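The values are calculated or read from the model by the stated rules, or taken from the named source; none is laboratory data. Here the structure is a predicted model, which is why all the values come from computation and not from measurement. Cβ placement follows ideal geometry from the backbone for every residue including glycine, while neighbour counts extend to all protein chains displayed.
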Amino acid sequence: MPYLEDGQEVEVLATFESGVVAQCVYEGSDFEPDPIIVKAVFDKPPTAKFDDAIARLKHEIDTLRARRDAARSEVDNIDAELSSVRSKLKESRKELESLKTEMPVESALKRVSDLLKGKITHYVYLDEYNMCVRSIESTERSAWSGQKTFALLTLHGDTKGNLAWHLESGRNFDGRSYVVHPCQSIEEAREIAKPLFEKKLREKFSNGYGVEDCLKEFHHAGIPVPPEIITGMQKRKEDAAKKAREEAAAKLAEAERALASVAK
């Protein structure tokens with residue numbers, strides 16, 4: 001089957017000295033186009049011939065296009081993998097937040113590990129009425145178990161069935177809540193206890209009771225008493241002494257008046 005110079009397949013209808021009458025052939029179609037007159041037809045589809053340099057450039061262009069297409073495909077694959085990783089990371093973050101809400105696993109287990117390895121040397125204890133810094137060796141014996149113990153980790157739950165681990169806190173058998181801070185040195189214990197003790201002392205000073213017991217724990221722990229508390233206590237003592245003198249003077253005056261009336 002002959003071809004035109006643009007590669008179109010044709011059927012030759014007639015041949016003349018000046019040219020050829022041909023009709024284009026279309027595969028898979030009954031369409032019959034009008035005949036055309038061309039100067040010549042070719043046994044094979046003609047191919048344009050280029051200079052060797054241009055041929056090399058065309059080859060390089062084709063190679064670069066192939067590389068470009070491969071790179072685009074690789075980028076598409078990377079984008080798909082990145083999208084998948086981001087989705088998994090988002091889910092992992094949700095799970096992590098859920099775990100943080102349910103239980104402080106890492107910090108809790110670290111305290112347990114420190115205790116088992118003998119790294120805990122002191123602890124700071126606070127409840128509604130008491131506070132102290134004690135060494136592990138001097139921990140008082142528990143009346144109910146006979147063991148030197150304190151709650152390091154306790155499981156708490158609410159009426160809705162939610163459970164959570166609370167580090168360093170719990171309740172005594174009399175129902176009072178307490179907090180225990182395990183420490184690895186007396187210096188760490190003092191650093192933790194100082195703001196807690198000062199807050200408790202100010203509360204008791206404001207309420208007017210339990211101050212002396214607090215001061216004893218400050219002295220026992222080696223923590224300086226806030227200057228304003230010392231000044232306030234001195235003023236209270238001076239006011240109390242002044243009031244006592246005034247009351248004594250009033251009683252003395254009353255006694256003198258009574259004695260004078262008897263003498264008459």
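General remarks:
- Residue check for S98: under 30 Å from H220 (Cα atoms), part of a helix (DSSP H, G or I) and at pLDDT below 80: no
- Any hit, region 223-237, residues being under 14 Å from L126 (Cβ atoms) and either modelled with pLDDT of 85 or more or assigned by TED's automatic domain parsing to the domain that holds H122 (or both): yes
- Of all residues in region 125-140, those that are more than 16 Å from L215 (Cα to Cα) and of a type outside the set (D, E) have Cβ atoms under 7 Å from Cβ atoms of residues that are at pLDDT 80 or above and part of a loop (DSSP other than H, G, I, E, B), 6 or more apart or on another chain, in S135/T121; I136/I120; I136/T121.
- Qualifying residue in region 156-168 (condition: farther than 26 Å from G210 by Cα, among the small types (G, A, S), at pLDDT below 65 and not in a helix (DSSP H, G or I)): yes
- The residues on offer are V124, V112, and the sole one that is outside any loop (DSSP other than H, G, I, E, B) and at pLDDT 80 or above is V124.
- Check on A22, surrounded by 10 or more Cβ atoms within 10 Å (Cβ to Cβ) and over 60 Å from the mean Cα position of the chain (by Cα): yes
- Among residues of region 6-20, those that are closer than 24 Å to A48 by Cα and assigned to a strand (DSSP E or B), counted: 5
- Candidate set: region 37-59, residues that are out of contact with any strand residue (DSSP E or B) (no Cβ under 6 Å at 6 or more places or on another chain) and of a type in the set (A, V, I, L, M, F, W, C); chosen: the one surrounded by the fewest Cβ atoms within 10 Å (Cβ to Cβ): A48
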